[in-house]
Amino acid sequence: MAVTDFFAGEIAAELLKMLISITRKACLCKPSAEQLIVSINQLLPIINEIKYSGVELNITRQTQLDKLSRALQDGHELAVKVLNSSRWNMYKNLQLSRKMDKVEKKISRFVQGPLQAHVLADVHHMRFETTERFDRLDCSTRRLEQQLGSMKIGSSNGSSGGEGWWMEEAVMKMDEDDMYEGNLVKVGMELGKQKVKDMIIEGDDMAVIGINGIGGSGKTTLAREICRNDEIRSYFSNRILFLTVSQSPNVEQLRQKICGFLSETKLKGCADIAPQCNTVTPTLIVLDDVWLLSVLQQLIFKVPGCKTLVVSRIKFSSSVLNSSYELELLREYDAVSLFCHTVFGTTSIPLGKDEDLIKQIVEKCKGLPLALKVIGASLRDQSEMYWIGAKKRLSRAEPICESHETELLNRMKLSIDYLSEKVRNCFLDLGSFPEDKKIPLDVLINIWTELHYIDEEEGFAILVELSNKNLLTLVKESRAGDMYGSYYEISVCQHDVLRDLAIHMSSVGSVNHRKRLVMARREDGVPNEWETDNDHPFLARIVSVHTGEMGEMDWFRMEFPKAEVLILNFDSNNYFLPPFIENMPKLRAIVLINYSTKTAEIHNLSVLGNLTNLKSLWFEKVSIPQLPKKTILPLKNLRKISLLLCKINLKDESELDLSQLFPCLTELVMDHCIEMTVLPSSICQVRTLKSLSITNCESLEELPSDFGKLLFLQILRVYACPKLKMLPFGIKNLVWLEHIDISQCVNLHCLNEEINGCLSLKKIDMHECPQIKNVPKSVSGLRSLRLVICDEQVSFHWKEMEKELPGLCVQVAEQCFDLDWLTE
């Protein structure tokens, strides 16, 4: 507790007593004194609460309380003068009255201004703390569900078919926070956790502590465990920021996050953060996966009270780190325990198993937790002869060089070699995406269906298999899990060592003859190795590029006669699409993702004009210019368009005919396109459209009046569109519509009376639609309706319909208190 808080409280109490005395005297100061008493009575309980709460204030609030304390002190001194002044000295009383007015106005301004902002800020902090606690609770619930076998629950209709149960089983399998950790214990970690914890707590006020070790040794797991530790959380009052840096970091963006966290404001620049903060609440900044000293030096802020924990494969020098801990590999007992837990579900070798064989395989894993888990998962439920063959293959995996990590890559390759060819190829495709980034599941499914000629259900089954073998982790978003859920609500994470393994296995042979041409790390331009060999065609089926800003002259001519998938990852505000797209006659899928903090302007969009085989487009965080009318031919095979966080130019929307440009489009996804106010009316002419998702578009005001022309539409999602007030009347013509989601459309007034025309409708999700008070009687004609998710206030109307609609299930949605508006 700051000293100022104490004195502010004492002064306010004493001042209040004097003001009461003043009001009893008939003087000119009486009105101001009475008003000041009201203000002090409002402030005094708050000041006392701060005074006795034991909570340390940040620098901004402390400064404001200092000013309030001075104002109260001035009021106290003024009150003394008023009490000592003769009531007959009119001139002096007039002067004191004016001064009393000034004091009263100053304190009133604080009550009506900064004090209100403090309340909002407290609510904002409470939101983050509550969300974090709910996340931990949700994580614990998932673990309990796993142990109870909830993964074996089928789909809602009782059959084992459909994709809903696949999603539920896979998503419940693992949680992002538990990636590559033991489900029962963090094996062999307690000693290291205690050492690092002591270094942090006992270190000086601006200490920088390091954790280093080879990839897959459990560094990140250890860092996360330290952040969860009750003693650490108490020491730092839960002020802990965890950031992943990676090999291709956006340093400025990371600095902005740290600055904002330290100052509790979103700063545009942070060069002057240190001088502003003389003292701060103890804060811990965790920098995970740091590769370069130059990057680390930019991310360390020498601010009193701010300590930094650096997690890296590299042991940085003592000139940067005050102390460091090198993570030891697991000893035999702990290694066997983790391996057995992965394979058998126990922490020791079960009776009847070949102890020598198990220990020989564990020894080949060299004590690396990730290798133990991956290799163990590949041997689960296999025969003894299979194990013997695996041991022999592990023994032959000699290192290419003396690097322990390279040797382990070769040993872990065994787990991939045992996969079927189709599943192995799908795993290798994961190396095409940047490290430490979530991969949208929708993108993966699109790529796999085009490359490996599988359907969506089989693609998801492959993901489940890879997840079960600890080769990736599925991360569930809030809406994922049912058969009408979209794949873009689930994402995939992969340990960087496993990504290295995928790239390692894909980089065999010359550059021109590889099936996957991948830039493993972000670079300023196209690799020199590619330019050297560009006289000959590249035979890759997947091409993945990861750069910064690219202009027209930054590209060079390349031929890709067999390329079917192009992945363009970048972080910049401007991006010129590569001209070599014209030399990709077989291209079927394009993925364009901007990892910058701002939306990027896209140029050379006309290069897509001749891609007659293109089936899928995924654009993320880009500004799409007005479509060129003459240079783009109809993309007759394009089936799916996904636009996320995009700005779309619809100024000449009346002249834009989407049915001519995309005559075979079946699925359109638009998420967080916040500046879009209307949909192009020509979308209603795309008669082939089966799924339309317009979500989190806060400016969308209405759907086209011709919406009923989408006769073959089966799925309609318009959730979280707060300005949408009504559904179009033409909805009655959508006889094939099976699912409609209008949840979180807070200004939607009602369900249309004409909705009874949707004869195939099976599910309605309308939770968090507070304006909808009633249900039209016409819904009694929805004979196919099986599930309604709604708020409690309207649920009884639906339950009255259960008699007329046999098989209908009404589910009351749990209340979700969302304070995201506070951050805007």
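The table below gives the values:
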quantity: Strands (runs of 3 or more DSSP E) contained in the stretch 715-824 and holding at least 2 residues among the charged types (D, E, K, R), surrounded by fewer than 19 Cβ atoms within 10 Å (Cβ to Cβ) and more than 30 Å from the chain's Cα centre (by Cα); calculated: none
quantity: Filter pass, K598 being assigned to a loop (DSSP other than H, G, I, E, B) and at pLDDT below 85; calculated: no
quantity: Where a residue in the stretch 81-108 is part of a helix (DSSP H, G or I) and its partner, wherever it lies, is of a type in the set (V, I, T) and modelled with pLDDT of 65 or more, with Cβ under 7 Å and at least six apart; calculated: L96/V82
quantity: Filter result for the condition that a residue is modelled with pLDDT of 90 or more and hydrophobic (A, V, I, L, M, F, W, C), over L679, L748, L656, L661; calculated: L748
quantity: Condition check for Y325: of a type outside the set (S, T, N, Q) and without any contact (Cβ under 8 Å) to a residue 12 or more places away in the chain; calculated: no
quantity: Yes/no for H739 being modelled with pLDDT of 90 or more and either among the polar types (S, T, N, Q) or within 20 Å of S642 (Cβ to Cβ) (or both); calculated: yes
quantity: Only listed residue being modelled with pLDDT under 85 and either more than 19 Å from the chain's Cα centre (by Cα) or in the same structural domain as D204 (by TED's automatic domain parsing) (or both), chosen from K257, K266; calculated: K266
quantity: Failed item in (1) small (G, A, S); (2) part of a loop (DSSP other than H, G, I, E, B); (3) modelled with pLDDT of 85 or more, with G210 passing the rest; calculated: (2)
quantity: Residue in the stretch 480-491 that is at pLDDT 80 or above, in contact with a strand residue (DSSP E or B) (Cβ under 8 Å, 6 or more places away or on another chain), part of a strand (DSSP E or B) and within 26 Å of K640 (Cα to Cα) present; calculated: yes
quantity: Residues located in the stretch 693-714, provided they are part of a loop (DSSP other than H, G, I, E, B) and farther than 13 Å from I674 by Cα; calculated: L703, P704, S705, D706, L710, L711, F712, L713, Q714
quantity: Pairs, first touching a residue at least 60 places away in the same chain (Cβ under 8 Å) in the stretch 343-365, second hydrophobic (A, V, I, L, M, F, W, C) and outside any loop (DSSP other than H, G, I, E, B), C-beta under 9 Å, six or more apart; calculated: T347/V336; T347/L338; T347/C340
quantity: Residue within the stretch 697-710 that is closer than 30 Å to E802 by Cα and either surrounded by fewer than 20 Cβ atoms within 10 Å (Cβ to Cβ) or out of contact with any Gly (no Cβ under 9 Å at 6 or more places or on another chain) (or both) present; calculated: yes
quantity: Lone unmet requirement of (1) in a helix (DSSP H, G or I); (2) at pLDDT 65 or above for L419; calculated: (1)
quantity: Selection within the stretch 300-327 - more than 31 Å from the chain's Cα centre (by Cα) and in a loop (DSSP other than H, G, I, E, B); calculated: S317, S318, S319, N322
quantity: Residues that are closer than 23 Å to S760 by Cα and in contact with a Phe, Trp or Tyr (Cβ under 8 Å, 6 or more places away or on another chain), drawn from the stretch 660-692; calculated: V669, C684, V686, R687, T688, L689, K690
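For (1) touching a residue at least 24 places away in the same chain (Cβ under 8 Å); (2) over 12 Å from H739 (Cα atoms); (3) among the charged types (D, E, K, R), each residue gets a yes or a no:
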| site | (1), (2), (3) |
| --- | --- |
| N756 | yes, yes, no |
| D765 | yes, no, yes |
| S784 | yes, no, no |
| L787 | yes, no, no |
| C790 | yes, yes, no |
| Q793 | no, yes, no |
| F796 | no, yes, no |
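To keep it simple, each residue is scored yes or no on (1) among the small types (G, A, S); (2) touching a strand residue (DSSP E or B) at 6+ places or on another chain (Cβ under 7 Å); (3) without any contact (Cβ under 8 Å) to a residue 12 or more places away in the chain.
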| position | (1), (2), (3) |
| --- | --- |
| L568 | no, yes, no |
| F576 | no, yes, no |
| P579 | no, no, no |
| K586 | no, no, no |
| N594 | no, yes, no |
| S606 | yes, no, no |
| T612 | no, no, no |
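The values are calculated or read from the model by the stated rules, or taken from the named source; none is laboratory data. Note that this is a predicted model, so its numbers are computed, not measured. Don't worry about glycine lacking a Cβ; one is built from the backbone with ideal geometry, like all the others, and counts go over all protein chains shown.
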